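What follows is one structure encoded as structure tokens, with my remarks underneath.
The values are calculated or read from the model by the stated rules, or taken from the named source; none is laboratory data. What you see is a predicted model; the values in this text were computed from it and never measured. Methodologically, a virtual Cβ is constructed for each residue, glycine included, from the backbone with ideal geometry; neighbour enumeration extends over all protein chains shown.
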């Protein structure tokens, strides 16, 4: 498991929406030392089967499951997520 990798997993049936979502992901402020993967699953029988397929393909510790029409606009998204995870752990 890669402790400093974040993977965005999306079921895709609209390439234009997915492309826009990916461009928003690319604009987020990434914590130093981290890397990001984006897996778009196409042709899945269901969202659940698509998410499970991608989950097994990625060795990222952090996985974010988003819909193709989700545009992340808060560039501090990662920091907020890690802050929340730290609160839960403590």
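Things worth noting here:
- Checking residue 15 against (1) within 12 Å of the chain's Cα centre (by Cα); (2) modelled with pLDDT of 95 or more, the condition it does not meet: (1)
Conditions (1) surrounded by 13 or more Cβ atoms within 10 Å (Cβ to Cβ); (2) modelled with pLDDT under 95, marked per residue:
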| position | (1), (2) |
| --- | --- |
| 8 | yes, no |
| 26 | no, no |
| 41 | yes, yes |
| 46 | no, yes |
| 52 | yes, yes |
| 81 | yes, yes |
| 88 | no, yes |
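- The stretch 29-57: number of residues that are part of a loop (DSSP other than H, G, I, E, B) and in contact with a strand residue (DSSP E or B) (Cβ under 7 Å, 6 or more places away or on another chain): 4
- Count of the stretch 58-90 residues which are in a helix (DSSP H, G or I) and more than 25 Å from residue 15 (Cβ to Cβ): 12
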